[in-house]
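The values are calculated or read from the model by the stated rules, or taken from the named source; none is laboratory data. In this text, all values refer to a predicted model and were calculated from it rather than measured experimentally. Note that we place each Cβ from the backbone using ideal geometry, even for glycine, and neighbour counts take in every protein chain shown. Remember, those area values only see protein heavy atoms, side chains included, never the ligands or the DNA or RNA. Shrake-Rupley method; radii C 1.70, N 1.55, O 1.52, S 1.80 Å.
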Amino acid sequence: MTDKPNASRRHFLRAASLMSMVGASGAPFALNLLTMGAAAAQTAGDYKAVVCLFLAGGNDQANTVLATDPGSWASYASVRTTSDAGSIALPAAGLPGGVLPIAPDTAQPGREFALHPGLGPLKELFDNGRAAVVANVGPLVMPTTRAQYKAQSVPLPPKLFSHNDQQSLWQSSRPEGAKFGWGGRMGDLLASMNGNATFTSISAAGNAVFLAGQRINQYQVNASGAVPIGGVNGSLFGAPAGSNALQAILTGNRSNVFEQDHAAIVKRSIDAQGVLSTAMAPAGAGGVPNPTQYTNPNTGALASNPLAVQLQTVARVIAGRSGLGAQRQIFFVSMGGFDTHDFEKANHADLMAKLAHAMSYFDTTLATLGGADLRRQVTLFTASDFGRTFTSNGDGTDHGWGAHHFVMGGAVKGKDIYGSFPVTGLNHAEDVGSGSLLPAISVDQYAATLAKWFGLSDGQIADVFPNIGNFSVRNLGFMA
């Protein structure tokens, strides 16, 4: 006979675990067994963090990293320069506001390259060997040719060109509705290395499936620090400041098992807030330096940069890593506005300026906090829904597929472009329509390269990235 009350209680606990803002204080015994080998190989002073910087809306890769050899530039200019004022082509290098040439260490014969003119601070990171480009990355189930794509003769990622689904595919290998992301799954496997598993998976940009694990739940922070439970500090129902009355009600002893479980979850959240508030470095003087303002390239005005503030929050948590007992942490930050169907030239210029300013600020801040050692311990990488069409719709671009991405950090083998840079133009082997790029590198390969550096074994990588076995190259080589 089924024990219905206990079964219902177990169901409640599973659901509460997924809804709770914080995870259990320690990894389950099975998870400890799974990660024992990796953990044993680490020293007490070992720390690594990965930071996913998500460019929400689909970044225009063709105006972010450009091929500028004569043939490529002629094709670029002919397609992206229209007869109306909506032209989205950028000025050539050497012209006012022109693209910024880069010289990768690994030559691609006959090709020359440049970055968007707004990416000056990122070009400096690239030139100094702390940033690299990974070309033409996107969701793939297996290596796919243009003919196979058109014939639908191989498995393809579901719901291509859809914002929500492609965001989810990038973050979890599954379309919208996915419950677990690959960042969270990495956290599942390495959480036992942390003294408090609660602070393994942390978002400074709200809820993200990327951070959701099967055992580890994402913890959300903002510029004010740990996100409190409303009212616990006296902000609800007119309670006086500093009142603990609501906290006592929420966490007090109960005779009902469901109420007991709820109280335990709330108490765990309150305790976690207290731990993080104590460990997290303050912003500004005596703590993590505040970001400078960036220059809006369209107006010349100085303005605050919300992305830089998110990265400051990440840096404040990293600065408190010893107090949190953390050796492995996964972070998520995001900036929106990349769905540039209209007014692309101006809008994209502002986005690129914010991106480069924020990444440069984060690099400098890590050096301030821990010098070259901390820079080597933290790797930031970009991700986005998809790339965009090479053709213009007159004033912008439409949804594409593959795109170019940046990785940044002291452990990155920088000043290089990884992957064969695609042909610039239309109707080539990687064009699936309107210059939308068929990815040459899968998200699984890109992510697995980061995961290997992060400490996952080959077997664990195969578990986290279900399609990686379909690709002969599992490590792209951009991490030292």
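Within the option set 337, 325, being surrounded by fewer than 21 Cβ atoms within 10 Å (Cβ to Cβ) and under 30 Å from residue 82 (Cβ atoms) holds for one residue only, 337. Based on this model, can you work out whether residue 309 counts as of a type in the set (Val, Ile, Thr), open to solvent by less than 60 Å² (accessible area, probe 1.4 Å) and over 30 Å from residue 396 (Cβ atoms)? When the stated conditions are applied, residue 309 does not pass them. Here 37, 26 are screened, and the one residue that is at pLDDT below 95, within 31 Å of the chain's Cα centre (by Cα) and exposed (fewer than 12 other Cβ atoms within 10 Å of the Cβ) is 37.
The residues listed here are 420, 457, 436; of these, the one that is open to solvent by 30 Å² or more (accessible area, probe 1.4 Å), small (Gly, Ala, Ser) and either more than 29 Å from residue 360 (Cα to Cα) or in contact with a helix residue (DSSP H, G or I) (Cβ under 6 Å, 6 or more places away or on another chain) (or both) is 457.
Cβ-Cβ distances below 8 Å connect the following pairs, each with a first residue in the range 421-440 that is touching a residue at least 60 places away in the same chain (Cβ under 8 Å) and on the phi > 0 side of the Ramachandran plot, a second residue that is open to solvent by 20 Å² or more (accessible area, probe 1.4 Å) and β-branched (Val, Ile, Thr), and a separation of six or more residues or different chains: 425/79; 435/79; 435/391. For the range 374-394, taking the residues that are open to solvent by 10 Å² or more (accessible area, probe 1.4 Å) and among the small types (Gly, Ala, Ser), the one that is farthest from residue 61 (Cα to Cα) is identified as 394. Please verify whether the range 152-161 includes one or more residues that are without any contact (Cβ under 8 Å) to a residue 40 or more places away in the chain and within 26 Å of residue 331 (Cα to Cα). There is at least one residue in the range 152-161 that is without any contact (Cβ under 8 Å) to a residue 40 or more places away in the chain and within 26 Å of residue 331 (Cα to Cα). For the range 355-365, a residue qualifies if it is out of contact with any Gly (no Cβ under 7 Å at 6 or more places or on another chain) and surrounded by 21 or more Cβ atoms within 10 Å (Cβ to Cβ), and the qualifying residues are 355, 357, 358, 359, 360, 361, 362, 363, 365. Checking the stated criteria, residue 392 turns out not to satisfy the condition of being at pLDDT 95 or above, out of contact with any Asp or Glu (no Cβ under 6 Å at 6 or more places or on another chain) and of a type in the set (S, T, N, Q).
Taking the condition touching a strand residue (DSSP E or B) at 6+ places or on another chain (Cβ under 9 Å), closer than 23 Å to residue 61 by Cα, modelled with pLDDT of 95 or more and open to solvent by 30 Å² or more (accessible area, probe 1.4 Å), does residue 431 pass? Against the criterion (touching a strand residue (DSSP E or B) at 6+ places or on another chain (Cβ under 9 Å), closer than 23 Å to residue 61 by Cα, modelled with pLDDT of 95 or more and open to solvent by 30 Å² or more (accessible area, probe 1.4 Å)), residue 431 does not qualify. For beta carbons closer than 6 Å, sequence separation of 6+ or different chains, a first residue in the range 91-112 that is within 15 Å of residue 65 (Cβ to Cβ) and a second that is β-branched (Val, Ile, Thr) and not in a loop (DSSP other than H, G, I, E, B), the qualifying pairs are 104/417.
Of the set (1) open to solvent by less than 10 Å² (accessible area, probe 1.4 Å); (2) more than 19 Å from the chain's Cα centre (by Cα); (3) closer than 29 Å to residue 183 by Cα, all apply to residue 291 but (1). Residue-level check: of (1) surrounded by fewer than 24 Cβ atoms within 10 Å (Cβ to Cβ); (2) over 22 Å from the mean Cα position of the chain (by Cα); (3) not polar (S, T, N, Q); (4) not in a helix (DSSP H, G or I), residue 371 misses just (4).
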